[in-house]
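To start, the structure itself, in structure tokens.
The values are calculated or read from the model by the stated rules, or taken from the named source; none is laboratory data. Just so we're clear, the structure is a prediction, and the values are computed from it rather than from any experiment. Note that we place each Cβ from the backbone using ideal geometry, even for glycine, and neighbour counts take in every protein chain shown.
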Amino acid sequence: MKRRALLASALAVLAAQPAWAQQTDAATLTQIEAYLNSIRTLKAHFLQVAPDGRISQGTVWLERPGRMRFAYDPPTPLLLVAGNGMLVFHDSQLGQTSNIPLSQTPLGILLADQVRLSGPVKVTSLQRLPGMITVTVVRSASPGDGSLSLVFADSPLALRQWSVIDAQRQETRVTLSDVQLGGHFKDSLFDFIDRSFPNGAPLQGGSGG
């Protein structure tokens, strides 16, 4: 009974939210959606905090739809490349490569051709702090795949950070700096070559996914 009472109380608070607040949230999400869809290419320096607390950095290139490359600075032995609908993660120190469909990762939401914050994507949280907006989303059909939290500077709106919580509830946080929007990138930037093969074998091509 206590659980039912608490749920009823929470629903009552939500229903009592002023109309102007609901309208403000809707306007903010529309603004964020339009901003993200205006970004076709991006290059930036990144600082990453892994689930185990390890910190690494490097350069990230993003090209929507479906393409991304994280080039980690030495001595970090990692490389992450997205393209052709797949996300490839390579650890040269361990000699291991893993592949996962973008459609099964929260990061794929950001790389969509048209970012939508409704319908196939569900907003689970919208928070405002002075000079900052954070929106958290999941895939409506498969929320268990994990969540993506996007952090924006406000006035003007600008993407500054994202945080991915995967299906195992492991969080990876990426902070961007020296962000450059626009420009053209070589297709080869989004290719991954497995050097364990004698002639190198591309695991994914440079076209979008």
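So SER98 fits all but one of (1) small (Gly, Ala, Ser); (2) in contact with a Gly (Cβ under 7 Å, 6 or more places away or on another chain); (3) under 16 Å from LEU80 (Cβ atoms); what number is the exception?
(2)
Which ones in the stretch 129-149 are without any contact (Cβ under 8 Å) to a residue 40 or more places away in the chain and not in a loop (DSSP other than H, G, I, E, B)?
Within the stretch 129-149, LEU129, MET132, THR134, THR136, VAL137, VAL138, ARG139, PRO143, GLY144, SER149 qualify.
Determine which member of the set SER142, SER147 is within 19 Å of GLU171 (Cβ to Cβ), of a type in the set (Ser, Thr, Tyr) and within 13 Å of the chain's Cα centre (by Cα).
SER147
Can you find a residue that is at pLDDT below 95 and part of a strand (DSSP E or B) anywhere in the stretch 183-193?
Yes: the stretch 183-193 contains one or more residues that are at pLDDT below 95 and part of a strand (DSSP E or B).
If you go through the stretch 93-103 one residue at a time, do you hit one that is surrounded by 14 or more Cβ atoms within 10 Å (Cβ to Cβ) and part of a strand (DSSP E or B)?
Yes: one or more hits.
Name the single residue, out of those in the stretch 73-85 being buried (at least 16 other Cβ atoms within 10 Å of the Cβ) and more than 19 Å from LYS186 (Cβ to Cβ), that is nearest to the chain's Cα centre (by Cα).
In this case the residue turns out to be GLY85.
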